[in-house]
Each structure stands twice: as structure tokens, then as C-alpha cells.
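The values are calculated or read from the model by the stated rules, or taken from the named source; none is laboratory data. All values reported here derive from a predicted model rather than from experimental measurement. Note that we place each Cβ from the backbone using ideal geometry, even for glycine, and neighbour counts take in every protein chain shown. Calculation scope for accessible area: heavy atoms of the full protein, side chains included, ligands and nucleic acids excluded. Shrake-Rupley method; radii C 1.70, N 1.55, O 1.52, S 1.80 Å.
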Amino acid sequence: MLWSLLAVTVVTAAVLYVLYRWLIPAAVRSSGWLTLLWHVVILERLLNIMTGSTRPQRMLKAVQKNATKGDPESVISAIDYYCRHREWAMNVGDEKGLILDSVLTEVNPGTALELGTYCGYSTIRIARLLSPGSKLITVEFNPDFAAVARQIIAYAGLQDKVTLVEGPSGDLIPKMKERFGIKSFDFVFLDHWKDRYVPDTKLLEDCGLLRKGTVLLADNVICPGAPEYLKYVKNSAHYESRYYKSNLEYTTVEDGLEKSVFLG
């Protein structure tokens, strides 16, 4: 029975891959929602069944096999190669990652907050560029993602630069000052649930965690999209906003980052 189920799963996966790779028109493959449906709903679940592992666990194995321990650039490259050539994943990715690098270098934050750690890819991109003595707090709701992220961050040799906190962002943001001695953040990277972008931004404001000049950088504002967040920061007198056009990680689908400077 088990072998029969496995055979059906393998054949189904092969048929779906052939359809997606060769028979479905490029115009359909460039659709954001169809791309996410394929990678997140169909392919990921099939691979989970076939391998008995999760996507984050497979990414961790790819890092351990192909990256040099203690070398953040090597870890980033290993993840990018795996996600572009083997299995897509919802990291900020190599293209948008360069925008993240540029904005971060410009800001040179002493305190940084990341909402949405996932497997630690963007955490590593941020942490490797921080000046000595800077603090990075990254928040992840999913404990399984957090467990993998800790291992990947440690493999990159950046565990001493990063504080990873598990739990709902809405519960943790009000505790930042007391728990970590943070007065305010110089840089905030939003890359968690898109429907939390606006509530968490308002919460950061209400808790006094944004100072005049704090830079917020939000990922995936086009795909899967964060229309309420864009409406909020673009229409608020408290922000000066700019859109950076790019592509959804490891695809040709349009996506981008929204950089918003808090004006006080």
C-alpha cells in the first residue's frame, strides 16, 4: 500500500513538473499567484511527502553540504543556488537581496529589527553588514522555521550578532524596550505575514520604537502583495516612501520592496 502511494505520488509529481516546465505557456508561469500556487501549495507538499522532510530542513542540508562553515557569503550563495536551481523558497532572494544590502549599507543601523526570520537567509544578509556593536533582533512565529534558522545562522558564524525571538510579533513588539533595552530601531525589515505589516507598523509607532529617520523596508509588496501597507505609508504624512521594482525571489514575476523613512 505504501509503495503504491509512493508510486502514484512520484508519477503525479513528474506529470505536474512536465506540465509546468514545458506545456504551460510562459505567460501563465509569469503569473504571481500561479507561481506561488505551484511552489508553495503543490510542489512543496509533494516533496515533503516524497522526502519525509520539510523545505526548511532541505535548505539546511543544502547549506551544510555546499557552504563553508563560518562564511556568511558562502551560506547566502548556497541558499541562492539551491532555491534557483533545485527548489524555490520564500527568501528575499538574490535580486531583492542586493536592494536590501544597499539600503542597509546606507542606513548603517545600530539597532535593527526583522519581522519574519523564516530560515535565516535575510537575517544573514543583514547581520553580515552590521557594524561591530550593532544589534539585530529577528522575530519568527513558527517554531519549526526558527529551529532551522538558528542552525543556519550559526553555520554562517553570526549567532553572536543575532537575537532570534519566537512568538507573535503583535505580542513581542510591546516588550522590546523592556526585554532588550531598545530605545528605538534605526532599521526595520518587514517580511512576515503581509496582513501584519500595517498593524505591526502602527504598533512600532505606538510603542515609540521608531525615531525620526528610522527606515522601514517591506518585502513582497506586489507579490503576494501588501496593498493596505502601501496605502498606509504612501498616504501618511509620517512617512516618505519609495518603491524599488524587482522580481519575486528566483522568478521573473514582478515584485518589489517599499522603503519608507519615518518622519516623526
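Things to note:
- Meets criteria (farther than 26 Å from D195 by Cβ, in a helix (DSSP H, G or I), out of contact with any Cys (no Cβ under 9 Å at 6 or more places or on another chain) and in contact (Cβ under 8 Å) with a residue 24 or more places away in the chain) for D101: yes
- Of the residues making up the range 76-109, just one is farther than 21 Å from N247 by Cβ and either within 13 Å of the chain's Cα centre (by Cα) or open to solvent by less than 30 Å² (accessible area, probe 1.4 Å) (or both), namely P109.
- Counting only helices (runs of 4 or more DSSP H) wholly contained in the range 173-264, the ones carrying 3 or more residues that are within 29 Å of T35 (Cβ to Cβ) occupy 197-206, 227-235.
- Of all residues in the range 164-188, those that are free of Cβ contacts under 8 Å to residues at least 40 places away in the same chain have Cβ atoms under 6 Å from Cβ atoms of residues that are open to solvent by less than 10 Å² (accessible area, probe 1.4 Å) and part of a strand (DSSP E or B), 6 or more apart or on another chain, in V165/V139; L172/V139; L172/V165.
- Boolean, L113 is part of a loop (DSSP other than H, G, I, E, B), within 21 Å of K259 (Cα to Cα), in contact (Cβ under 8 Å) with a residue 24 or more places away in the chain and of a type outside the set (S, T, Y): no
- Within the range 116-134, the set of residues being touching a Phe, Trp or Tyr at 6+ places or on another chain (Cβ under 7 Å) and open to solvent by less than 10 Å² (accessible area, probe 1.4 Å) comprises T117, C119, S122, I126.
- The range 54-68, residues that are over 15 Å from D80 (Cβ atoms) and either of a type in the set (D, E) or open to solvent by 20 Å² or more (accessible area, probe 1.4 Å) (or both): T54, Q57, K61, Q64
- Flag for L158 being open to solvent by less than 30 Å² (accessible area, probe 1.4 Å), of a type in the set (A, V, I, L, M, F, W, C) and either within 18 Å of I76 (Cα to Cα) or not in a strand (DSSP E or B) (or both): yes
- All positions within the range 204-216 that are touching a helix residue (DSSP H, G or I) at 6+ places or on another chain (Cβ under 6 Å) and surrounded by fewer than 18 Cβ atoms within 10 Å (Cβ to Cβ): C207
- Among the residues of the range 238-264, those that are open to solvent by 20 Å² or more (accessible area, probe 1.4 Å), in contact (Cβ under 8 Å) with a residue 24 or more places away in the chain and within 19 Å of V188 (Cβ to Cβ) comprise H238, Y244, K259, V261, F262, L263, G264.
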